Amino acid sequence: MRAAIAGTGGYLPERSLSNDELAAWKGLDTSDDWIVERTGIRRRHIAAEGETASDMGAKAALAALAQAGADVGEVDAILVATSTPDSAFPATAVRIQGKLGVTRGFAFDIAAACTGFVYALGVADALLHTGQARGVLVIGTEVYSRILDWTDRGTCVLFGDGAGAVFLRATPAGEGRGLLSTHMHSDGRFGDILVVDGGAGSTGGTGVVRMAGREVFKHAVTKLAAAVDEALAANGLGHDDVTWLVPHQANIRIIEAMGKKLHLPLDRVVVTVDRHANTSAASIPLALAEATRDGRIRRGDLVLMEAIGGGLTWGAALARF
Ligand code: COA
């Protein structure tokens, strides 16, 4: 059996905040030109007061189930990648289980920052292969607006809120669809270059994102390049076989570097960073939802996903749609 991506869904909060609005904030010395030139970001969505990761994730999940033609009775497991859970526990995944009205199976969260969705795909794939689940919701949902220092121009302009989801269904391998492989990596030596200190078990800390941007950038380019090579090699495939690159959306310069490495023109790369900014674990499933709905990604396409985030964590996944 293979884990076929049977449906995708996305949800973005109503409020969209532009670079110009940020630039107009007193004391935040930034500009639309600087942000667009260095990152490609033009706007980002911000959750409403009281709107949580589980609220958004449940909406994205329902959209994914609807696209798959599945009802909640098909859901055996719910995996949620998030760095901004509703609470220390219950897990946001279990909150979403409750909101969807799923009364069986199991649900848990995965903490791998911006790589969380790729990790969650890897875990879901393993659950399907060991027969522990036949239908798995994999959700990335984030409210980074609540963990940003809105006076730090080096970080607050980079992130946004949103949720994305896929519904994976066990499908006979003979059909040719599904996840071909997932590749997960982490290296704790670099934990402090992208970090949210503080949190439920902490003895201190600020509770906001701190980042050494240049360091992260350097790691991103080399580690993502290695991860995509690893994914293609594991399947005996080459750059030419890739129909779509669906990268984590952190920075257009990193995305362009990866497209170049794969010899893919930018019109074969799904880009949302301009409108969504970096939605961390939600960015890849949001991009998948957009590109399957507008008809870019079709049945039979080979889709390569890659991400890097705090940990450091990084990885790649390859799927035949
Ligand atoms: N507006 C205006 N100026 C800003 C700014 C902003 N929003 N943020 C930083 N600057 C300034 C800095 O203060 C610095 O000024 P100085 O030269 O007077 O000290 C200057 O711009 C250059 O800063 P630097 O951090 O070296 O810029 P950069 O070219 O590395 O771009 C990032 C910064 C964050 C856009 C870039 O490093 C990056 O994208 N890194 C990877 C981040 C990432 O992907 N993180 C998520 C991974 S999941």
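The values are calculated or read from the model by the stated rules, or taken from the named source; none is laboratory data. All of these numbers come straight from a predicted model, not from anything done at the bench. FYI the Cβ positions are ideal-geometry reconstructions off the backbone, even for glycines, and counts take in every protein chain you see. Please note that ligands, DNA and RNA were not included when accessible areas were found on the heavy atoms of the full protein model with its side chains. Shrake-Rupley method; radii C 1.70, N 1.55, O 1.52, S 1.80 Å.
If you place +1 on the Cβ of every Lys and Arg and -1 on the Cβ of every Asp and Glu, how big does the dipole about the Cα centre of the stretch 52-125 come out, in debye to the nearest 20?
Once rounded to the nearest 20, the dipole reads 140 debye.
Within the accessible area of the stretch 40-110, what % is carbon and sulfur when the probe is 1.4 Å and the other protein chains stay in place?
Working: 1690 of 3000 Å².
Of all accessible area on the stretch 40-110, carbon and sulfur atoms account for 56 percent.
Near residue 260, which lysines are there with a Cα under 17 Å away, not counting those fewer than 8 places off in the same chain?
Excluding near neighbours in sequence, the set is 218, 223.
Identify which of 142, 306, 230 has the largest mean-square fluctuation in a Gaussian network model of the chain, with springs joining Cα atoms closer than 10 Å.
230
If you restrict to DSSP beta bridges whose two residues both lie in the chain, what percentage is antiparallel, to the nearest 5?
On the way: 41 of 57 bridges.
That works out to approximately 70 percent antiparallel.
Of all trypsin sites (Lys or Arg not before Pro) in the stretch 261-321, which ones are in loop regions per DSSP and have a Cβ with at most 16 other Cβ atoms within 10 Å?
Details: sites: 261, 268, 275, 293, 296, 298, 299, 320; in loops: 296, 298, 299.
For trypsin sites (Lys or Arg not before Pro) across the stretch 261-321 that sit outside H, G, I, E and B with at most 16 neighbouring Cβ atoms in 10 Å, the list reads 296, 298, 299.
Could you tell me whether the stretch 2-174 comes out rounded, prolate or oblate from its Cα gyration tensor? Rule is a ≥ b ≥ c as square roots of the eigenvalues, rounded for a/c under 1.5, then prolate if a/b exceeds b/c, otherwise oblate.
Details: a/c = 2.46, a/b = 2.13, b/c = 1.15.
It is prolate, given that a/c is not under 1.5 and a/b is the larger ratio.
One-quarter of the Cα convex hull surface for the chain, in nm²?
Numbers: hull surface 61.6 nm².
Here the figure is 15.4 nm², rounded to one decimal.
What are the aspartates and glutamates whose alpha-carbon lies under 13 Å from the alpha-carbon of residue 26, with same-chain residues fewer than 8 places away excluded?
Excluding near neighbours in sequence, the set is 152.
Anyone know which of 205, 311, 176 comes out most mobile in the 10 Å Cα GNM of the chain?
With Cα springs under 10 Å in the chain, the top fluctuation among 205, 311, 176 is at 205.
Keeping all protein chains in place, calculate the accessible area per residue for the chain (probe 1.4 angstrom), answer in Å². Write out the running numbers ahead of the final one.
On the way: 12860 Å² over 321 residues.
Normalised by residue count, the accessible surface of the chain is 40 Å².
Note down the accessible area of residue 314, probe 1.4 Å, to the nearest 10 Å².
Here the accessible area works out near 30 Å².
Return the calculated 222 nm mean residue ellipticity for the chain, to the nearest 500 deg cm²/dmol, obtained by summing -39500 (n - 2.57) across DSSP H runs with n ≥ 4 and dividing by the residue count. The partial results should precede the final answer.
Numbers: 10 runs with 103 residues, N = 321.
Roughly -9500 deg cm²/dmol at 222 nm, from the helical runs in the chain.
Given the C-alpha centroids of the stretch 181-259 and the stretch 11-72, what is the distance between them in whole angstrom?
Cα centres, the stretch 181-259 to the stretch 11-72: 20 Å.
For the stretch 155-193, state which chymotrypsin sites (Phe, Trp or Tyr not before Pro) are in a DSSP loop and have at most 10 other beta carbons lying within 10 Å of their beta carbon. Provide the component values of the computation, followed by the final result.
On the way: sites: 159, 167, 190; in loops: none.
Within the stretch 155-193, no chymotrypsin sites (Phe, Trp or Tyr not before Pro) qualify (loop, at most 10 other Cβ atoms within 10 Å).
Have a look at 11, 23, 35 and report the one farthest towards the positive end of the charge dipole of the chain, computed about the Cα centre with Cβ charges (Lys/Arg +1, Asp/Glu -1).
11
If you filter the stretch 57-106 for trypsin sites (Lys or Arg not before Pro), then keep DSSP loop positions with at most 12 other Cβ within 10 Å, what is left?
Values: sites: 59, 95, 99, 104; in loops: 104.
Here the trypsin sites (Lys or Arg not before Pro) that fit, given the DSSP loop and packing criteria, are 104.
Under 28 Å from the Cα of residue 59, which lysines turn up, not counting those fewer than eight places away in the same chain?
The reachable lysines, counting only those whose Cα sits under 28 Å from residue 59, are 99.
Given a 10 angstrom Cα cut-off, can you work out which residue in 251, 235, 19 is the most mobile in a GNM of the chain?
235
Keeping all protein chains in the complex and leaving out DNA, RNA and ligands, what accessible area do you get for residue 180 with a 1.4 Å probe, in Å² to the nearest 10?
Probe radius 1.4 Å; accessible area of residue 180 about 50 Å².
Looking at the square roots a ≥ b ≥ c of the eigenvalues of the Cα gyration tensor of the stretch 90-214, which shape do they give, rounded for a/c under 1.5, prolate if a/b is larger than b/c, or oblate? Could you put the intermediate results ahead of the total?
Details: a/c = 2.30, a/b = 1.78, b/c = 1.30.
It comes out prolate by the Cα gyration axes.
Give me the dipole magnitude in Debye, nearest 20, for the chain about the Cα centre, with unit charges on the beta carbon: positive for Lys and Arg, negative for Asp and Glu. Don't skip to the answer; put the middle values down first.
Values: 31 positive and 36 negative charges, 96 e Å.
Computed charge dipole of the chain: roughly 460 debye.
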